[in-house]
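*Asks:* Can you read through this structure? Questions will come right after.
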Amino acid sequence: MRETEMSDPISFHNVSKIYRIPSLKPWQAIKKISALNDVSFTCPQGEISCLLGPNGAGKTTVIKILAGLVSHDGGDIKLYGMPYSEAMKRASVKIGVMASNDRSFYWRLTGRQNLEFFCSLYDIKRRAIHGVVSDVLLELDIEKEADKPFRLYSSGIKQKFLLARSILRNPDILLLDEPTSHIDPIAKDGIHALIRNNFIYRRNTAILLCTHDLYEVQRLADYIILLNDGRIIAEGSPMRLRSLIHPGITFIIEFSRMPGKNWAKRVPVTIIREERGKVECVARNKRGISAAIHAAVNHGGKVTKCTERDESIIDIFSRLIQGNAL
Amino acid sequence: MKIVAFLKKDLFITLSYRFNLLIQLVKIVISLLMFYFIGETFGGAMSPYLARYGGNYFAYVLVGFAVSGFASVGLDALSDEVRSAQVEGTLEALLSTPTSIYTILIGNSLWSFIEAFIESLLLISIGIIFFELHLSIPGALVAMFVLLLTLIAFLSIGMLSASFIMIFKQGNPIKFIFGSSSYFLGGIIFPVEVLPRPLQYLAEALPITHAIKALRELLLAKTGFESIIPIILNLILFIIIIAPLSIIAFRFAVKRAKRDGSLVQY
């Protein structure tokens, strides 16, 4: 767990949430499902913290609690050191929520009319609304589309309007719930660049990203909170999570001629996989890599290439969820 | 400010369905014509129940419809708006803004009230211009006041109904009970006096019965404000009992839906 500060934008301390699901058969008791179980984490300013987990892990529950749509049963939630309910009552903390549901817009209205309507609900003064909307449209490069009915937009543009709505009041905290779930890879890259450049570099916003899109995590996450069955099973920077799986460096040596048997017996590396012409190993440090190459050459091997393998977030995710690394 | 934004939004949406506006107008004209011809058919044989109101059945029904249209919007609008915002998916976005759920509820329904108010005015104006309905300026003010009380009474029932939708989503018994009984027992198309005695007692418990009676006294029987004071007091009594109850029920429903995570489910 990372170091916490009193004034962190979001701080969850032992938060729990139980859903009561009534049975379809009236004579059966209400079923209780624990959606969050003693969940504690913080999100600092100017970072993208990512809630990652499979379906039903509790990610959306966290977002909904912060958006005020679901109440929590136990634990403390603080925003900038202030109890959540107090911060919301005073409206002293501005939270922007980007849900993935484009049906949350009025499809008969234009994008601009939608944004102007939501500006009023965000208490933006009537005189300022036009300027705020124009600025956001320009920032997200959707000004040309603004006066068409929302129903005519492509999925990528709809997604940008969802993002536009969430930043209308220049939020201190931005909650992104699967922000690129319905769009193609190119549009996805565009949204990722926008999030990183505009909200982290330019505005220093605290972002809580909730996704199960591992590509998105790889592109955006500064810190990963891995949830499974309502519990945090691991957290840390992508680098730290990698080290939980392999406490070392994974590398692949390619041979035009394979070395003799037991070539790696006396070097400090572990062979993970051996295929024809390729060997995948883990070494504790860089010295281990050069020792392995020397040993292979000394055993008659002809090395053509040696590459360090970047453990993908997909490997980390699947191994941690399956409990392989812990 | 927020309420104006809701009105503006609904105005734009209504204008985007132009054909629907025309259909609504045609529907009003058709129902007016239907009751006009019923009135013409039985106009010769004057019912003793209508004697007090000038014996004109069409004018009698016109006032009934002017009030019932307005009352049914009060009853339906809140729960319908909650339900449609849940189904459309806009409720989550609205609730994520710093706007109270009451503002969202009233703001989303206000356009329906305005439409119903215009429809009621249109019906009464037609009655005044073509069918000898009489309305003085003080009478018009009292009529407005009665309509306002009717709206508050039905909004209270509507809020109870919305509380039900918030938790159980469908199969709303409050709407069914008040909606159908108001239509049947409220004296919209026939006088309450023709009903059997026990049903007349039930009719007395409905706010619409008093609202229609008050407006008919003002517009058709041409009585003064003093004679409808007891009827207005009945409406006020109904509001005093139901309004706090509906606010408590709605608060409970929102709290429960937040606990169950079902606020935006349908």
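*Asks:* Of everything in the stretch A:96-118, what is hydrophobic (A, V, I, L, M, F, W, C), more than 8 Å from every other protein chain (Cβ to nearest Cβ) and buried (at least 21 other Cβ atoms within 10 Å of the Cβ)? Give them in sequence order.
*Replies:* Within the stretch A:96-118, A:M98, A:L115 qualify.
*Asks:* Ok, one more. Within the group B:L160, B:L199, which residue is more than 14 Å from chain A (Cβ to nearest Cβ), surrounded by fewer than 17 Cβ atoms within 10 Å (Cβ to Cβ), part of a helix (DSSP H, G or I) and of a type outside the set (S, T, Y)?
*Replies:* When all the criteria are applied, what remains is B:L199.
Residue by residue, here is whether (1) away from chain B (no Cβ under 14 Å); (2) β-branched (V, I, T); (3) assigned to a strand (DSSP E or B) holds:
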{"position": "A:I33", "(1), (2), (3)": "no, yes, yes"}
{"position": "A:V39", "(1), (2), (3)": "yes, yes, yes"}
{"position": "A:Q45", "(1), (2), (3)": "yes, no, no"}
{"position": "A:L51", "(1), (2), (3)": "yes, no, yes"}
{"position": "A:P54", "(1), (2), (3)": "yes, no, no"}
{"position": "A:A57", "(1), (2), (3)": "yes, no, no"}
{"position": "A:I63", "(1), (2), (3)": "no, yes, no"}
{"position": "A:L69", "(1), (2), (3)": "no, no, no"}
{"position": "A:H72", "(1), (2), (3)": "no, no, no"}
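*Asks:* Could we say that B:T90 is within 14 Å of chain A (Cβ to nearest Cβ), hydroxyl-bearing (S, T, Y), under 30 Å from A:V70 (Cβ atoms) and in contact (Cβ under 8 Å) with a residue 40 or more places away in the chain here?
*Replies:* For B:T90, the condition - within 14 Å of chain A (Cβ to nearest Cβ), hydroxyl-bearing (S, T, Y), under 30 Å from A:V70 (Cβ atoms) and in contact (Cβ under 8 Å) with a residue 40 or more places away in the chain - is not met.
*Asks:* Quick test for you: out of B:G55, B:G74, B:G39, pick the one residue that is away from chain A (no Cβ under 11 Å) and not in a helix (DSSP H, G or I).
*Replies:* B:G55
*Asks:* Can you give me the number of residues within the stretch A:119-149 that are over 14 Å from A:A164 (Cβ atoms) and either at the interface with chain B (Cβ under 9 Å from one of its Cβ atoms) or in contact (Cβ under 8 Å) with a residue 60 or more places away in the chain (or both)?
*Replies:* Here the count works out to 6.
Here is a yes/no grid of residues against (1) farther than 27 Å from A:G53 by Cβ; (2) in contact with a helix residue (DSSP H, G or I) (Cβ under 6 Å, 6 or more places away or on another chain); (3) assigned by TED's automatic domain parsing to the domain that holds A:R108; (4) of a type in the set (D, E):
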| position | (1), (2), (3), (4) |
| --- | --- |
| A:Y122 | yes, no, yes, no |
| A:V136 | yes, yes, yes, no |
| A:E145 | yes, yes, yes, yes |
| A:G156 | no, yes, yes, no |
| A:L168 | yes, yes, yes, no |
| A:D172 | no, no, yes, yes |
| A:D177 | no, yes, yes, yes |
| A:I200 | no, no, yes, no |
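*Asks:* May I pose another question? Among the residues of the stretch B:140-172, count how many are in contact with a Phe, Trp or Tyr (Cβ under 7 Å, 6 or more places away or on another chain) and more than 18 Å from B:P244 (Cβ to Cβ).
*Replies:* Adding up the residues that qualify gives 5.
*Asks:* Right, another one. Could we say that A:I191 is closer than 28 Å to A:I10 by Cα, free of Cβ contacts under 8 Å to residues at least 60 places away in the same chain and buried (at least 18 other Cβ atoms within 10 Å of the Cβ) here?
*Replies:* yes
*Asks:* Would you confirm, using the coordinates I've provided, whether B:T41 is surrounded by 14 or more Cβ atoms within 10 Å (Cβ to Cβ), farther than 17 Å from B:I208 by Cβ and out of contact with any strand residue (DSSP E or B) (no Cβ under 8 Å at 6 or more places or on another chain)?
*Replies:* no
*Asks:* How about the stretch A:127-156: which of its residues are within 30 Å of A:A57 (Cβ to Cβ) and either among the β-branched types (V, I, T) or part of a helix (DSSP H, G or I) (or both)?
*Replies:* Of everything in the stretch A:127-156, those that are within 30 Å of A:A57 (Cβ to Cβ) and either among the β-branched types (V, I, T) or part of a helix (DSSP H, G or I) (or both) turn out to be A:S155, A:G156.
*Asks:* Sticking with this one: Just to be sure I understand, how many residues within the stretch B:6-25 are at pLDDT 85 or above and among the hydrophobic types (A, V, I, L, M, F, W, C)?
*Replies:* Result for the stretch B:6-25: 7.
*Asks:* Return the only residue of B:S96, B:S112 being of a type in the set (G, A, S) and over 17 Å from the mean Cα position of the chain (by Cα).
*Replies:* From the options B:S96, B:S112, the qualifying one is B:S96.
*Asks:* Still on this model: Mind telling me which of the residues A:R196, A:R202, A:R219, A:R257 ends up being basic (K, R) and under 12 Å from A:E47 (Cβ atoms)?
*Replies:* None of the others qualify; the one that does is A:R196.
*Asks:* A follow-up question, please. For the stretch B:214-263, enumerate the residues that are within 14 Å of another protein chain (Cβ to nearest Cβ) and not in a helix (DSSP H, G or I).
*Replies:* The answer is B:G261, B:S262, B:L263.
*Asks:* Within the stretch A:77-122, how many residues turn out to be closer than 30 Å to B:L15 by Cβ and assigned to a loop (DSSP other than H, G, I, E, B)?
*Replies:* So the answer is 9.
*Asks:* Being over 30 Å from A:D141 (Cβ atoms), touching a Ser or Thr at 6+ places or on another chain (Cβ under 9 Å) and in contact (Cβ under 8 Å) with a residue 40 or more places away in the chain is the requirement here; does A:S100 meet it?
*Replies:* Spelling it out, it is not the case that A:S100 is over 30 Å from A:D141 (Cβ atoms), touching a Ser or Thr at 6+ places or on another chain (Cβ under 9 Å) and in contact (Cβ under 8 Å) with a residue 40 or more places away in the chain.
*Asks:* Going through A:G56, A:G74 one at a time, which residue ends up being in contact (Cβ under 8 Å) with a residue 40 or more places away in the chain, surrounded by fewer than 18 Cβ atoms within 10 Å (Cβ to Cβ) and more than 20 Å from the chain's Cα centre (by Cα)?
*Replies:* Checking each option against the conditions leaves just A:G74.
The values are calculated or read from the model by the stated rules, or taken from the named source; none is laboratory data. A quick note: this is a predicted structure, and the numbers were derived from the prediction, not measured. So basically every Cβ, Gly included, is an ideal-geometry build from the backbone, and we count neighbours across all protein chains shown.
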